[in-house]
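Here the structure comes first, spelled out in structure tokens, and everything after it is commentary.
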Amino acid sequence: MKNIVIAAGYATRLYPLTENFPKPLLEIGESSILGRLIEDIDKIEDINEHIIVTNHKFAYHFEEWKEKIVTKNPIRIVDDGTESNETRLGAVRDLLLAIDICNINEDILVIAADNILDFSFQGFVNYSKEKGTSIIMCHHEPDLKKLQRTGVIVIDENSKVLEMQEKPQNPLSNWAVPPFYIYKVKDFPLIKNSIENGCGFDAPGNLAHFLCKHSIIHAWEMSGKRYDIGTLESYYEAQTMNFF
């Protein structure tokens, strides 16, 4: 299984820190946001390669980082060729680019690189094998305003996804979806043709939303807490979190 990390964003809300430096490589404790994610995922037996998709502006930063980090599995940096927020490809197009350039023909773990977790992805990977379908992560979110800024799903008693909403004004449930997914290779024909069949391409959740309408998807309730680094305030607050 390939681990594909979408790290191509420009993170304007974290300026000046990220004006000339990628958000995933910001320091957190003795590591970085991305370093913490890779440290966990690299221990999972099913993973055999880490593929980091970045824009051209920050590609050399990731190449430098790659030379310094020690991992069991190889790391490949994919440069999507863009140099500004206005010309960005979007998360789904970056994923499709990685699948094409790296000639991927096996299951993939897809994550956004700007999150900190206090739990392992191992349970998520185990669940994908148990269900035998593509899966998405979810968590219970009681705050209406937060639900209105994220993906929201409706699931049945077996955690099969029945419906997915994108940033709904009237959420149908309290199950919010963070940007973590496992896509089975059997769904690749749908994934590779998703854009031309109406799938949005800017946010990573666009692809999950599309697949929910065309394939069987299950949801796994995350086993701990997720911390989204989206603003300067959230980054500085993250420095004080106990699980570092």
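Relative to its residue count, the chain spans a Cα convex hull of 125 Å³ per residue.
Within the chain, DSSP assigns beta bridges of which about 50% are antiparallel (rounded to the nearest 5). Highest GNM mean-square fluctuation among L162, L109, L25, for the chain modelled with Cα contacts below 10 Å: L162.
With a threshold of 21 Å on the Cα-Cα distance, the over-threshold entries among K57/K146; K23/K192; K2/K57; K57/K184; K23/K57 are K57/K146; K23/K192; K2/K57; K57/K184. Between L17 and Q148, residue separation times 0.36 nm minus the direct Cα-Cα distance comes to 44.4 nm. With contacts taken as Cα pairs under 8 Å at a separation of at least 6 residues, the chain carries a relative contact order of 23 percent.
So what's the range 14-117 giving for Rg/Rh, alpha carbon basis, Kirkwood Rh from the mean inverse pair distance? Before the final figure, lay out each step's value.
Values: Rg = 13.6 Å, Rh = 14.5 Å.
That ratio is 0.94, to two decimals.
Each Lys and Arg Cβ is given +1 and each Asp and Glu Cβ -1; about its Cα centre, the chain then shows a dipole of about 360 debye.
The calculated FRET efficiency for K66 paired with K129, based on their beta-carbon distance and R0 = 25 Å, is about 0.30. From the largest down, the range 188-234 spans 39, 25, 14 angstrom on the principal axes of its Cα atoms. For the range 92-148, the equivalent ellipsoid derived from the Cα gyration tensor has semi-axes of 25, 17, 12 Å, listed largest first.
On full extension, the segment bounded by N73 and N103 gains 9.1 nm, given 0.36 nm per residue less the C-alpha separation. For the range 120-224, the equivalent ellipsoid derived from the Cα gyration tensor has semi-axes of 20, 18, 11 Å, listed largest first.
Give me the dipole magnitude in Debye, nearest 20, for the range 120-224 about the Cα centre, with unit charges on the beta carbon: positive for Lys and Arg, negative for Asp and Glu. The calculation lands at about 180 debye. Note on the chain: GNM, Cα springs under 10 Å; of I195, I38, I101, the largest mean-square fluctuation is that of I101. Straightening the chain between S84 and L232 buys 51.3 nm, computed as 0.36 nm per residue apart minus the Cα-Cα spacing.
Each value in this text was obtained by applying a stated rule to the coordinates, not by laboratory testing. The model shown is predicted, which means the values in this text are computed figures rather than measured ones. Cβ: placed from backbone, ideal geometry, glycine included. Neighbour counts: every protein chain shown.
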